[in-house]
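Each remark here refers to the structure printed beneath this line.
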Amino acid sequence: MLDKDEVKEAIVNVARHIFSRFGFRKTTMDEIAIASRKGKSSIYYYFASKEEIFQAVVEKEASILKHELLSAINEADSPAQKLKAHVLVRMQTMEKLANFYSAIKDDYLSHLDFVEKIRKKYDLEEIQMMENILNEGVQNDMFEINDTSLAAIAIVTALKGMEIPLFWGVEEKDIDLRLDHLIQILFHGIMKR
C-alpha cells in the first residue's frame, strides 16, 4: 500500500501531464481524478484545490530544472564549460517544463499567490548559480568581470529574453546553433579587439 506522500507524488505526476496538455485554466479536478484513477473526493483528500495541485506541479518542475542545472555545472571542468552547460541545459530543460514555464511567464497566473513567490525564488537561485560560476571564473583568472553580481543578472535577463524566440518553430540543430552564438557573445562580446 502506498503512503500519503507516494499518492500525492503520483497525483502530481499525472496532473503535470494534464496541465501541460490543457493549461491551468482548462484543466479540471475531474480530469485529474480520472487520469489518477481516483475519485474526486480522494484528490481533495490530498489537495485542497486545483491551485494547490498546480503549485505542487510547478514546484516539482522548478526542482527538476534546478537539479538539471546543478548536475550539468558540477560535471563541467572549467568555469567556461560551466557557463556553457548552464546556458544549454537551462534552455533545453525549460522547453520540457511547460507548467513551470507557464507559471513564470503567464500573466493570467499572477493572481495565484504562490506564483510570484516561485518566480522570485527561481530568479534568485538562478542568478546565484550564475554568479557562482562567474566568481569562479574571475578567481581562476579566466573571466574579466568587474561586478559579477550585475553580470549574473545581465546574463540571466538575456537568457529569459531568448526563451520564446529560441523555441518557436525552430529545429533542434538551429537551436544548438543559436545557443552556440549566444555563448560566443557571452564569452567574447561583440567589440573588436
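The values are calculated or read from the model by the stated rules, or taken from the named source; none is laboratory data. On a predicted model such as this, the values are computed, not experimentally measured, just so you know. Please note: Cβ atoms are built from the backbone with ideal geometry, for glycine as well, and neighbour counts cover all protein chains shown. Note: accessible area is taken over every heavy atom of the protein model, side chains too, but ligands, DNA and RNA are not part of it. Shrake-Rupley method; radii C 1.70, N 1.55, O 1.52, S 1.80 Å.
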Members of the range 128-145 that are part of a helix (DSSP H, G or I) and surrounded by 14 or more Cβ atoms within 10 Å (Cβ to Cβ): Met129, Met130, Glu131, Asn132, Ile133, Leu134, Asn135, Glu136, Gly137, Val138
Residue within the range 104-127 that is part of a loop (DSSP other than H, G, I, E, B), at pLDDT below 85, more than 22 Å from Asp180 (Cα to Cα) and open to solvent by less than 20 Å² (accessible area, probe 1.4 Å) present: yes
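Of the residues in the range 146-161, how many are open to solvent by 40 Å² or more (accessible area, probe 1.4 Å) and within 13 Å of Met130 (Cα to Cα)? Explain how you work it out, then say what you get.
Here is the first cut: in the range 146-161, the ones open to solvent by 40 Å² or more (accessible area, probe 1.4 Å) are 146-147, 149-150, 153-154, 157-158, 160-161.
With the extra rule that they be within 13 Å of Met130 (Cα to Cα), the set shrinks to 147, 149-150, 153-154, 157-158.
Matching residues across the range 146-161 total 7.
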Condition check for Ser49: within 30 Å of Asp141 (Cα to Cα) and open to solvent by less than 40 Å² (accessible area, probe 1.4 Å): no
Looking only at the range 63-88, and only at residues there that are among the β-branched types (Val, Ile, Thr) and open to solvent by less than 30 Å² (accessible area, probe 1.4 Å), the one that is farthest from Phe22 (Cα to Cα): Ile73
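Can Lys60 be described as closer than 25 Å to Ala35 by Cβ, assigned to a helix (DSSP H, G or I) and open to solvent by 10 Å² or more (accessible area, probe 1.4 Å)?
Working: closer than 25 Å to Ala35 by Cβ: yes; assigned to a helix (DSSP H, G or I): yes; open to solvent by 10 Å² or more (accessible area, probe 1.4 Å): yes.
Spelling it out, Lys60 is indeed closer than 25 Å to Ala35 by Cβ, assigned to a helix (DSSP H, G or I) and open to solvent by 10 Å² or more (accessible area, probe 1.4 Å).
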Positions within the range 3-50 being among the basic types (Lys, Arg) and within 15 Å of Phe100 (Cα to Cα), in sequence order: Arg16, Arg21, Arg25
Cβ-Cβ under 8 Å pairs, at least 6 apart or on other chains, the range 64-83 side more than 19 Å from Glu125 (Cα to Cα), far side β-branched (Val, Ile, Thr): none
